[in-house]
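The values are calculated or read from the model by the stated rules, or taken from the named source; none is laboratory data. This one's a predicted model, so the numbers in the text were calculated from it and none came from an experiment. Cβ placement follows ideal geometry from the backbone for every residue including glycine, while neighbour counts extend to all protein chains displayed.
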Ligand code: 3Y8
Ligand code: NAP
């Protein structure tokens, strides 16, 4: 058995730590989005595969017998490529997806289907918006330059952002509720924009928003094709153990 873990999340990291305590042969894959990703207790490969075809070639060339897609719920392209490549090569695939956050009684959420919906949902009158969606997609918000934006990136931005009133905070999660409360209070944030990432590493801002009674624009996850999905690392380990018994 040789396992490819498509990683880049706290769940993938937890899985890697457990697999590293076994005799399983596994390799951890990063896209290479960040400058200094967290070290892994497994061999690591970094960078794209070259689409679904490239991934299929990688699976064959590297003798991968099982794929665990533990990427982020919004890493839709990677997950769709994994489905296609595993089907093309008959390599078994399991996907580790944490449950989405659900709105609580005191949450003031405005749920939108995508990034464009999030821009539309922002008010016209000037506000202070905590735009906690990272570095890849903030440009959509140049459509509403009247707001003051507080952004959070993993790495230093290269050059000034085309958002006239913006501040970039450089920090990598997991984040804490107290930390995000301080951030939002100190900047008088009165709107939050987030993806429905699920998990514990990114939920601090929605708990802080609840305590501050601030509206949260919640971007829903992309729809994904049917696949074998589990929500916990233990279920992935049980699947791998079952597959091992089958002599895979
Ligand atoms: C490169 C690996 C761990 C895992 C850390 C999780 C938790 C903290 C919360 C906010 C939201 C955001 C962002 C976020 C979180 C965890 C987890 C998670 C959100 C690292 C990592 C990689 C990435 C890529 C990065 C994206 C960006 C998204 C920042 C490592 C730290 C906003 C997602 O600069 C860039 O290009 C960054 C790109 C994809 C989304 C975007 O569009 O900008 N994650 N994040 C992975 C790779 O190369 O394959 O550097 O160690 C992993 C983590 N990010 O325990 O150490 O598991 O979700 N990541 C979002 O939720 O919207 C931050 O600020 O509140
Ligand atoms: P994406 O848009 O779904 O993928 C775009 C391309 O990036 C893929 O087609 C693939 O390139 C490459 N890629 C993505 N993840 C990869 C991986 N783990 N290993 C090797 N190549 C990968 O991906 P994304 O949303 O930018 O996410 C990139 C990474 O950041 C993933 O590891 C993901 O788990 C992590 N992450 C993302 C988010 C988020 O909000 N999207 C949040 C936290 C962590 P090729 O087509 O060339 O193979």
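Is one or more of the residues making up segment 225-240 within 12 Å of ligand 1 (Cβ to nearest atom) and either under 18 Å from the mean Cα position of the chain (by Cα) or surrounded by 20 or more Cβ atoms within 10 Å (Cβ to Cβ) (or both)?
Checking segment 225-240: not a single residue is within 12 Å of ligand 1 (Cβ to nearest atom) and either under 18 Å from the mean Cα position of the chain (by Cα) or surrounded by 20 or more Cβ atoms within 10 Å (Cβ to Cβ) (or both).
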Evaluation of residue 91 against (1) assigned to a strand (DSSP E or B); (2) closer than 30 Å to residue 235 by Cα (one fails), failing number: (1)
Segment 43-53, subset part of a helix (DSSP H, G or I) and either surrounded by fewer than 16 Cβ atoms within 10 Å (Cβ to Cβ) or on the phi > 0 side of the Ramachandran plot (or both), residue farthest from ligand 2 (Cβ to nearest atom): 53
For segment 54-86, what are the residues that are within 16 Å of ligand 1 (Cβ to nearest atom), more than 21 Å from residue 244 (Cα to Cα) and either touching a helix residue (DSSP H, G or I) at 6+ places or on another chain (Cβ under 6 Å) or not in a helix (DSSP H, G or I) (or both)? 55, 71, 72, 73, 74, 75, 81
All but one of (1) at pLDDT 95 or above; (2) farther than 24 Å from residue 233 by Cβ hold for residue 136, so report the exception by its number. (1)
Among the residues of segment 108-148, what is the count of those that are touching a helix residue (DSSP H, G or I) at 6+ places or on another chain (Cβ under 7 Å) and more than 16 Å from ligand 1 (Cβ to nearest atom)? 3
Taking the residues in segment 1-18 that are touching a residue at least 40 places away in the same chain (Cβ under 8 Å) and out of contact with any helix residue (DSSP H, G or I) (no Cβ under 8 Å at 6 or more places or on another chain) as candidates, determine which candidate is surrounded by the most Cβ atoms within 10 Å (Cβ to Cβ). 12
If residue 72 satisfies all but one of (1) surrounded by fewer than 18 Cβ atoms within 10 Å (Cβ to Cβ); (2) under 25 Å from residue 153 (Cβ atoms); (3) touching a residue at least 60 places away in the same chain (Cβ under 8 Å), what's the number of the condition it fails? (1)
